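Note sheet for the following structure.
The values are calculated or read from the model by the stated rules, or taken from the named source; none is laboratory data. Only a predicted model underlies this, so the values are computations on that prediction, with no experimental measurement involved. All Cβ positions, glycine included, derive from the backbone under ideal geometry; neighbour counts span all protein chains shown. With ligands, DNA and RNA removed, areas are computed over all heavy atoms of the protein, side chains included. Shrake-Rupley method; radii C 1.70, N 1.55, O 1.52, S 1.80 Å.
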Amino acid sequence: MKVFIADDEASIRDGLKCIIDWNQLGFTICGEAGNGDDALTGILKLNPDLVLLDIRMPRLQGTDIVELARKNNYKGHFIILSGFSDFKYAQTAIRYGVDFYLTKPIDEDELMNAAVTIKESLLEEHMHIDTLNQYKEKAKYAIIRDILLNTSDCRKINPEEINLSASVYQVVIYENFNQDSFHLTYNFADLLKVTNQDNNSFEHIQIHEKDVILLKDSFALRRFKDFLKHYEKAPQKGSPLDSLFITYGRTVHKIKEIHLSYEDALKLLNRRFFCEQNQHTIGYKQLPDSPMNDNITEEEIRLYYEKFCDYIQSYNRKMIADTLLSLEKKLYSTMCDLGTIKLFLADLYLQVKQTINHIYTTVDIPFPTNGYIIDFIERKYYLYEIISFFSEQFEMIMNAIGNPSSESILDDIVYYINHNFCDNIKLETIAPLFGYNSSYLGKIFNKKTGISFNSYVDQVRIQHSKELLLQTSLKVYEVAERIGYKNVDYFHKKFKKYVGKSPAEFRKKNS
């Protein structure tokens, strides 16, 4: 607390400095004056907590100094020192808010009691101001929170009162880049290299345990833009920049629009799953342009796993890569939450695993367990990690099931037919898997094998039907379904064409 001494006699000023131990009492003498003009100037400039003021001063009387100081909004305390005990002087001094009127010569105990009383009053005032400031600060952040969440009536908010008046705003959300870490130790003002005195550049608030920054005015937005340039190249490992993941919303110009910028940043934070490797920032321009698709359906899972199974068996790595890219784009624009997306990906892989295992029963394929697959996908933070895993797994499957005698694409096609004859195989559907059009593939297949594509498929099916007729007790229509014929009469016709007798006659003769 500061004390200012004003008396026209230097010896009295010196005596007032020493008569009591101001430092022990909690005061520091901040200045002194020998005339009224200097006293008023010093009071208004230094804003002391306590003024010891002689009532008779050259140029300005003590009561005039008190009056003028009050008119200039000075709120401190006065102790008037006077050689007169005239009641009128005291009455005037009290009217202007003087705390004590002491007559000279000054009694040490009397001055000490007055100073102690004022000290206690000052401490109460400071405590009250601190409490009031805390309430105001809490109220301010509650208002900012409501603005961000769009739960306030902005028409009733005075931006000046909460230091929110600005020409432009932008919301930034940041968290640890390493999602296994939980504590951030960096001051955002230091990172932006701005002086945020009295929160003039930005406001920092936590919403649902997320660090939210509200940038205010063009200077802070320019500093943030410069700050983002550090991320154009990968930040140095272990640096503060390397530890942060940042999202930012659109720039807005009205308080009632601030929530739009916050919603952008929050959406982007929830879409961190779709970021690329080592990507530290994502901005509002990277939100999907088109409307979000509906939830993923069972039919879409089926289409994707059928494609992957076909391309794996045809060793078509290009189409696998293209389909994985298509899958990424599909998931990027879906409305589904992260849990649903991960469930879809786990289901997709398990369907591929089940289908390949069913087709290649004699091949030992080193698939991970179902539990491992589900846990692996659940633990991954990014889609690119899961897509990379799929690509590696599909390459492993192709290597495991690969045709050991394959010397040409036609050998691979024959190998594919021998393992998929029970499906509705057509030249038109197989040709694109191996990079051919159906007409050309039909010609070179006929030339290579000596028979047409459809005749080869029929022969493979009939050969397998003969094994089922002799090795199982399946009914004839069940055998027909097992080998890919939906119509039992058509199966009879084909069987008799290639074997010379009906399925029943063949079973009876050879059993």
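Candidates [x] 33, 27, 22; [y] 93, 19, 19; [z] 59, 30, 22; which is the computed semi-axes √(5λ) of the Cα gyration tensor in Å?
Answer label, from the structure shown: [y].
To the nearest 20 debye, what is the magnitude of the charge dipole of the chain about its Cα centre, counting +1 on the Cβ of each Lys and Arg and -1 on the Cβ of each Asp and Glu?
The dipole magnitude comes to about 4000 debye.
For the chain, what does the helix formula give at 222 nm: sum of -39500 (n - 2.57) over DSSP H segments with n ≥ 4, over the residue count, nearest 500 deg cm²/dmol?
Calculated from helices alone, the mean residue ellipticity at 222 nm is -17000 deg cm²/dmol.
Round to a whole number: what % of the accessible area of segment 131-262 belongs to carbon and sulfur, probe 1.4 Å?
47
Please work out the FRET efficiency for the pair LYS330 and LYS509, using the Cβ-Cβ distance as r and a Förster radius of 56 Å; give the result to the nearest 0.05.
Approximately 0.55, to the nearest 0.05.
Heads up, I need the accessible area for LEU123: 1.4 angstrom probe, whole protein in place, Å², nearest 10.
Approximately 90 Å² of LEU123 is accessible to the 1.4 Å probe.
Using mean Cβ contacts within 10 Å as the protection proxy, how do 45-52, 124-131, 223-230, 464-471 order, highest first?
Sorting 45-52, 124-131, 223-230, 464-471 by mean packing, highest first, produces 45-52, 464-471, 223-230, 124-131.
If the reach is capped at under 22 angstrom between alpha carbons, list the lysines near LYS254, excluding any in the same chain fewer than eight residues apart.
Within the straight-line limit of under 22 Å, LYS254 reaches these lysines: LYS140, LYS156, LYS216, LYS225, LYS267, LYS285.
Just to confirm the number: angle between the C-alpha axis of helix 383-401 and the first principal axis of the chain, 0 to 90 degrees, nearest 10?
20
Which of the peptides 479-486, 108-115 is most tightly packed, and how do the rest follow, judged by the mean count of other Cβ atoms within 10 Å per residue?
479-486, 108-115
Give the ranking of HIS208, HIS419 by solvent-accessible surface, highest area first, calculated with a 1.4 Å probe.
HIS208, HIS419
Helix 409-420: angle to the longest alpha-carbon principal axis of the chain, degrees 0 to 90, nearest 10?
Orientation of helix 409-420: about 90 degrees from the principal axis.
Give the residue list of GluC sites (Glu not before Pro) in segment 238-337 that are DSSP loop and have at most 12 other beta-carbon atoms within 10 angstrom.
Those that pass, being in a loop and sparsely packed, are GLU276.
Please determine, in degrees from 0 to 90 and to the nearest 10, the orientation of helix 62-71 with respect to the longest principal axis defined by the Cα atoms of the chain, where the helix direction is its Cα long axis.
20
Set Lys and Arg Cβ to +1 and Asp and Glu Cβ to -1, take the dipole of the chain about its Cα centre, and tell me which of LEU241, PRO159, PHE273 lies farthest positive.
Result: PHE273, furthest along the dipole toward the positive end.
Antiparallel versus total DSSP beta bridges in the chain: what percent is that, nearest 5?
45
Tell me which of ALA346, ASN357, HIS253 sits at the most positive position along the dipole axis of segment 234-361, charges placed on C-beta atoms (Lys, Arg +1; Asp, Glu -1).
Ranked along the dipole, the leading option is HIS253.
Measuring with a 1.4 Å probe in the full set of protein chains, what accessible area per residue, in whole Å², belongs to segment 59-172?
For segment 59-172, the per-residue accessible area is 61 Å².
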